Amino acid sequence: MESTLLSLAHGFAVAFQPDNLWYAFLGCLVGTLVGVLPGIGPLSGISILLPVTFGLNATQAVIMLAGIYYGSQYGGSTTSILMRIPGEASSVMTCIDGNAMARKGRAGAALCIAAVGSFVAGTFGVIMLTLVAPPLATIALRFGPPEYTALLVLGLIFLAYMSSTSLVRTLLMACIGLLLGMIGIDNMTGHFRYSFDLAELGDGIGIVPVAVGLFGLGEILSTPSHKVRGEVISPKFRELLPNRQEWGESVMPIARGSVLGFIIGIIPGSAHIISSFLSYALEKRVSKHPEEFGKGAVAGVAGPESANNAASTGAFVPMLSLGIPTGPITAVLIGALMIHGVPAGPQLVTEHPDLFWGFVASMYVGNLMLLALNLPLVSVFVTVLRIPYAYLYPLIIMFCIVGVYEVSHSIVDVYIMLIMGVLGYGLRKFNFDPAPLVLGLVIAPLLEQSLRQSLIMSNGNYFIFFSRPIALGLLIVCAVLLALSALAFALKRKDWRAKLAEAEAGEAQG
Amino acid sequence: MDRRTFVIGTTATATAFAAGPAFAQDAFPSRAVTIICAFPPGGANDIVTRPIAAALEPILKQPVVVETKAGAGGQVGAQVAASAKPDGYTLLSHNNGISGYAEVDKLFGRQPKTTRADFIPLARLIADPVLLVVNDQQPYKTLKDFIDDAKKRPEAIVYSSGGLYGATHLPVAIFEKATGIPKLRHLPTNGGGPAITALLGNNAQMSTQTVSATLQHIKAGKLRALASFGGARSKVLPDVPTLKELGYDAEYYLWVGIFAPKGTPASALATLSAALDKAAASDVFKNVVSGLGQEFAYLNAKDFEAFWTADAKRSDEAVQLIGKQG
Amino acid sequence: MNLRADHVAGATFVIFGAAIIALSGDLPVGRLSMPGSGFLPMIVATLTIVFGAALVLRAGESGRFSEVDWTDGKHAAMVTIITIAAISLYTYLGYIITMTLMVIALLVLIERRNPLRAAAYGATLVLVTYACFVLLLKTPLPASPFSY
């Protein structure tokens, strides 16, 4: 412990060197820009700017490139909240309640809460990274396919909490999402599934095109400008900040989101994608007012935003302590380190303490910089809402197209976005909520792959899921959740869903 | 830059710009060259293509843009490049994968989207020999231990790969054939990183991975290299024997090459290939290669063509050995 | 019998599920201990049919199909058509031309705004975003045949 603090102090000495401060700031600045602009995610942002770092030393390079990564998590929610366009998978959940808040004139509050939530989660993540990285990383390695399967089964159960519509409607949407998620090459056997001979569909349908279509474009299709009655929302400066009640409502979600996100973030693989979804479902489950979700619930912004930021910091744990990439972004960072002659591996801490601790310290500083950078920007971004709707929605459509195209430079993705926009329009007519569809799409490929991988490992024996402690623990949680729901049903106690339906019926009559 | 600003200023009347293509008459290259990278950032392709593009810019005196077109194990990028106008302004950065698609498609009775004949090899940027590695919880000290156990327990040892018919799957098929052991059990994952993670977490016991991807784990004692698929011993791992010296006919590298679409004019090919030779000799590029822990394995167009022919034969055979799954 | 909204919605899902099963043709289903590539799609498609049928059975709770509000249909159709045109031109005419034209088309054809103001607004938007993407972040955007 003492030696950790000593090393960290040394790290701060490195991080506070003027050069390093400057590169951290530069990284955070570019990261914010990358996050705000739709389409360019941290992945392409980092790889495009990689050649720029050739002239720098390894510490400067990794400080700057990592700044782009966690910086982009701050800005990522901006288009979600203002325009209902999720720039990347991690900000899909923010667009539901964040945009609903914006339409109530609370865009500033939503952006502030997202920024503060990101800051708290990011800083929490770095503290955990400082204190417990090596032992945690070893546990993370035990998270193999059976554990993944169990986690995703838990995700499927959480799916039921995602939507306020009836259970059948929620499950139907989830099924459609799962089916969409099965498009593409089957990783296990090489069969092309439902891809109509398009190589672009080989890796399946992306989350961004589907979410942008369903949420962003779908909303525009069903909102002709003559229906937008209200005056242009032009909030005064004082109204930009969240009020006391909103702060109060966001404290616990931020705390829960930070812990949940960090735990999921350290798992190697693509689990970090589901962190914000799980956080949203969790908040809705524990909330006293689940009926507010989807209509501008503060917790629906605070939780997922914190979770995705904590997850992005958590991803550094296996990268720095074991040298294994938990996802494409950490893979790029490891590559960048290698190019600079610093091989990332289990001995990084001992062989390059300057770099390791300087980097960790720079993340404390970087998160502060990002908070200072993002809060003033809120007032700038909110001015976008001053544009009259008739002029605003062409801009949104443009962002939808560019944002989706830039993710993988594929025009097929843009067509998918359009189809999903029309589908979203149709679903709205029949009172379906697209959120479970998106979660289904996220879960399907991961669940199928990990299930089949587990069975390969056990040679077809399902006992593997019960013989490994982490998997068993997760499955027990699933069973308890299901039992609780069944119990509530058996006791004929009305759950919140029924109450909600009743309240709405009452409203309709009154 | 002046022309660009001018053009932007007159966008509204852009339809009048029928004269645009006239620039194409200038000496090659008269505008930006695009290298399509068929694999996403985080892989070997992206990491060597960006520095080579940066090194090409001062030589060609034009911008060299790397455009990622990833998907379907590199097939998306290959298809885009194959259908691009063959004028030398569109190149492709690809790897071993480009050899095997047609063979895999044949296996499944599909019409191949691209074949090797669609591309002209320009340069091999890197070639990283594959190692046969096991994790530290396995008892095997030598390759012989491993082979003996594999013969005793057919289909019991699990190996992880970055994907079916991919560059970390095919070497296992080559190895199985060369040593005559019964088939091992295959755990496909979705990339080189996940495959190594599976090995480190003992969800798989063996994997065939490149030197640069495993070197740090080998040094830390988490992984053990039993043999190398290289033609000679690796300088960074001099104690690891090659399969050839152990008497098995098996060779495999993960390589990255630059290709031009079929039909590119010979003059453009000559310019590009000379520029690539020069860019590969630059310090920027050499530093990147040594940073990755690799030996300099650049091949010019002529040598690369010969290498590719031999390598593609190995790859086709391996695909046939694996056959259709499930 | 009066047609309810959920009759239509449920039936659509039943048909969709059936179509998936029909499309799955030669995908090997495998067995429970070693599922093939057609295994999970088959299960989920079956569930889709079951839930779709449940929706039809309980359709009485939903509103009449004839009462679904389609007044925004014209707006949706026109936006969709203009967007399709923009997407199909995007990779040929490039970012600047296509996006400017699209914004102008949306403003003039749907919103009946002054063409000059629409053009000025469209061009400004496109150039500002172009500067952000290409000049600041060096990200390639689709180029026109005139190489910008």
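The values are calculated or read from the model by the stated rules, or taken from the named source; none is laboratory data. Everything numeric here is computed off the predicted structure, so don't read it as measured data. Cβ atoms come from the backbone with ideal geometry, glycine included; neighbour counts cover every protein chain shown.
Please give the number of the condition B:Ala270 fails out of (1) under 16 Å from B:Val33 (Cα atoms); (2) hydrophobic (A, V, I, L, M, F, W, C); (3) not in a helix (DSSP H, G or I).
(3)
Provide a single number: the residues in segment A:430-463 that are among the β-branched types (Val, Ile, Thr) and facing chain C (nearest Cβ under 10 Å).
As a first pass, look at segment A:430-463 and keep what is among the β-branched types (Val, Ile, Thr): A:438, A:442-443, A:456.
When the remaining residues are screened for being facing chain C (nearest Cβ under 10 Å), the result is A:456.
Residues flagged as among the β-branched types (Val, Ile, Thr) and facing chain C (nearest Cβ under 10 Å) within segment A:430-463 amount to 1.
What is the one condition in (1) over 26 Å from the mean Cα position of the chain (by Cα); (2) buried (at least 24 other Cβ atoms within 10 Å of the Cβ) that B:Asp149 does not satisfy?
Status for B:Asp149: all satisfied but (2).
For the subset of segment A:415-455 comprising residues that are touching a strand residue (DSSP E or B) at 6+ places or on another chain (Cβ under 9 Å) and touching a residue at least 40 places away in the same chain (Cβ under 8 Å), which member is farthest from C:Arg64 (Cα to Cα)?
Taking the candidates together, the pick is A:Gln453.
Could you tell me whether segment B:155-174 includes any residue that is free of Cβ contacts under 8 Å to residues at least 40 places away in the same chain, crowded, with 23+ Cβ neighbours inside 10 Å and not assigned by TED's automatic domain parsing to the domain that holds B:Lys302?
Yes, segment B:155-174 has at least one match.
Of all residues in segment A:169-210, which are of a type in the set (Gly, Ala, Ser) and within 12 Å of chain B (Cβ to nearest Cβ)?
Listed by number, the residues that qualify are A:Gly184, A:Gly190, A:Ser195, A:Ala199, A:Gly202, A:Gly204, A:Gly206.
Would it be correct to say that A:Ile456 is at pLDDT 90 or above, touching a His at 6+ places or on another chain (Cβ under 9 Å) and under 29 Å from C:Pro35 (Cβ atoms)?
Yes: the conditions hold for A:Ile456.
Counting just the residues of segment B:253-286 that are touching a residue at least 24 places away in the same chain (Cβ under 8 Å) and either over 29 Å from A:Leu50 (Cα atoms) or among the charged types (D, E, K, R) (or both), which one comes out surrounded by the most Cβ atoms within 10 Å (Cβ to Cβ)?
Looking only at segment B:253-286, we keep the residues that are touching a residue at least 24 places away in the same chain (Cβ under 8 Å), and these are B:253-265, B:267-269, B:271-273, B:275-280, B:282, B:284-285.
Now restrict to residues that are either over 29 Å from A:Leu50 (Cα atoms) or among the charged types (D, E, K, R) (or both): B:262-265, B:267, B:277-278.
Values: B:Lys262: 14, B:Gly263: 10, B:Thr264: 22, B:Pro265: 13, B:Ser267: 11, B:Asp277: 16, B:Lys278: 15.
Here the residue is B:Thr264.
If the Cβ limit is 8 Å and pairs must be 6+ apart or interchain, which residue in segment C:114-127 that is within 9 Å of another protein chain (Cβ to nearest Cβ) pairs with which residue that is in a helix (DSSP H, G or I) and of a type in the set (S, T, N, Q)?
From residues that are within 9 Å of another protein chain (Cβ to nearest Cβ), the pairs are C:Ala119/C:Thr100; C:Gly122/C:Thr100; C:Ala123/B:Thr11; C:Ala123/C:Thr100; C:Val126/B:Thr11; C:Val126/C:Thr100; C:Leu127/B:Thr11.
Could you list, ordered by first residue, the pairs with Cβ atoms under 9 Å in which the first is in segment B:135-153 and assigned by TED's automatic domain parsing to the domain that holds B:Pro182 and the second is surrounded by fewer than 11 Cβ atoms within 10 Å (Cβ to Cβ), at least 6 apart or interchain?
Close Cβ pairs (under 9 Å, with a partner that is surrounded by fewer than 11 Cβ atoms within 10 Å (Cβ to Cβ)) amount to B:Asp136/B:Gly221; B:Asp145/B:Pro139; B:Ile147/B:Gly180; B:Asp149/B:Pro139; B:Lys151/B:Gly180.
Are any residues in segment B:215-231 among the charged types (D, E, K, R) and out of contact with any Gly (no Cβ under 8 Å at 6 or more places or on another chain), and if so, which ones?
B:Lys222, B:Arg224
Would segment A:23-40 turn up any residue that is under 25 Å from A:Glu283 (Cα atoms) and either modelled with pLDDT of 85 or more or not hydroxyl-bearing (Ser, Thr, Tyr) (or both)?
The answer is yes, given that some residue of segment A:23-40 is under 25 Å from A:Glu283 (Cα atoms) and either modelled with pLDDT of 85 or more or not hydroxyl-bearing (Ser, Thr, Tyr) (or both).
Please enumerate the residues belonging to segment B:148-183 that are under 16 Å from B:Val134 (Cα atoms) and not in a loop (DSSP other than H, G, I, E, B).
B:Asp148, B:Asp149, B:Ala150, B:Val158, B:Tyr159, B:Ser160, B:Ser161, B:Pro171, B:Val172, B:Phe175, B:Glu176 - these are the residues of segment B:148-183 that are under 16 Å from B:Val134 (Cα atoms) and not in a loop (DSSP other than H, G, I, E, B).
Kindly indicate the residue of segment B:68-108 that is of a type in the set (Lys, Arg) and more than 10 Å from chain A (Cβ to nearest Cβ) and also surrounded by the fewest Cβ atoms within 10 Å (Cβ to Cβ) among those meeting that condition. Give the steps one after another, and end with the answer.
At the first step, the residues of segment B:68-108 found to be of a type in the set (Lys, Arg) are B:69, B:85, B:106.
If we keep only those that are more than 10 Å from chain A (Cβ to nearest Cβ) too, we end up with B:85, B:106.
Numbers: B:Lys85: 10, B:Lys106: 14.
So, considering only residues that are of a type in the set (Lys, Arg) and more than 10 Å from chain A (Cβ to nearest Cβ), the one surrounded by the fewest Cβ atoms within 10 Å (Cβ to Cβ) is B:Lys85.
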